[in-house]
Amino acid sequence: MTLLVGRHVNKIDKKGRVSVPKTFRDAFRAQTFSGLYAYPLFKAPAIEACGEDFMRRVSESLEDLDMFSDAQDDLAAVILENAHPLAFDPEGRIVLPSELLKHAGIDGQVMFVGRGARLQIWEPEAYEANHQKAFQRARSKGATLRLRPPGPRGEDS
């Protein structure tokens, strides 16, 4: 899957439709479901979205947790039970459900934020505040990243 990177602001129309940035839509084209899966981001007032392949990985990863454990039940409730499959219309728009809009405090405009294999959808001012906090946390902790070695086909992973 193509990496989802960058930020894009788009307006929501009166019917709750918003155009997904073309670069993001194109990343989901090769999948069986022509759309994305969206669910409330439980760590912040935002929406997280991913493709069918990633959602399947999430579901399979939940099976690695102990059956009937609080961890498995809680994460399944937070992610899978609240996920909405949102199909792209012919113009590349999706309709964001009112419960997701309410969770994220979105009204009028949204900011799409690429996160690699996932994307987030924010109210633009809330995103800016969160972004500043994240930047400051990373700076104050001296955050670093250990890069994985190149993939098996000699590609960078």
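The values are calculated or read from the model by the stated rules, or taken from the named source; none is laboratory data. If you're wondering where the values come from, they're calculated on a predicted model, not measured in any experiment. Virtual Cβ from ideal backbone geometry, glycine too; neighbours counted across all protein chains shown.
Has segment 47-56 got any residue that is among the charged types (D, E, K, R), in a strand (DSSP E or B), surrounded by 20 or more Cβ atoms within 10 Å (Cβ to Cβ) and over 15 Å from the mean Cα position of the chain (by Cα)?
We begin by selecting, within segment 47-56, every residue among the charged types (D, E, K, R); these are 48, 52-53, 56.
From the residues that got through so far, the ones that are in a strand (DSSP E or B) too are 48.
When the remaining residues are screened for being surrounded by 20 or more Cβ atoms within 10 Å (Cβ to Cβ), the result is 48.
Filter again for over 15 Å from the mean Cα position of the chain (by Cα), leaving none.
No; the residues of segment 47-56 include none that is among the charged types (D, E, K, R), in a strand (DSSP E or B), surrounded by 20 or more Cβ atoms within 10 Å (Cβ to Cβ) and over 15 Å from the mean Cα position of the chain (by Cα).
In segment 116-145, the residues that are farther than 19 Å from A49 by Cα and modelled with pLDDT under 95 form Cβ pairs under 9 Å with partners that are of a type outside the set (S, T, N, Q) and assigned to a helix (DSSP H, G or I), at six or more places apart or across chains, as follows: A143/R137. Pairing each residue of segment 16-43 that is farther than 18 Å from L101 by Cβ with any residue that is modelled with pLDDT under 95 and of a type in the set (S, T, Y), provided the two are 6+ apart or on different chains, yields C-beta distances under 6 Å for A27/T2. Can you tell which of K11, K102 is closer than 25 Å to E128 by Cβ, at pLDDT 95 or above, assigned to a helix (DSSP H, G or I) and not hydroxyl-bearing (S, T, Y)? Among K11, K102, only K102 is closer than 25 Å to E128 by Cβ, at pLDDT 95 or above, assigned to a helix (DSSP H, G or I) and not hydroxyl-bearing (S, T, Y). Would you confirm, using the coordinates I've provided, whether R115 is surrounded by fewer than 16 Cβ atoms within 10 Å (Cβ to Cβ), under 16 Å from the mean Cα position of the chain (by Cα) and in a strand (DSSP E or B)? Criteria met by R115. Scanning segment 26-43 for residues that are under 12 Å from the mean Cα position of the chain (by Cα) and either part of a loop (DSSP other than H, G, I, E, B) or among the basic types (K, R) (or both) gives a single hit, F42.
Restricting to segment 62-84, give me the number of residues that are loosely packed, with under 12 Cβ neighbours inside 10 Å and either in contact with a helix residue (DSSP H, G or I) (Cβ under 7 Å, 6 or more places away or on another chain) or outside any loop (DSSP other than H, G, I, E, B) (or both).
4
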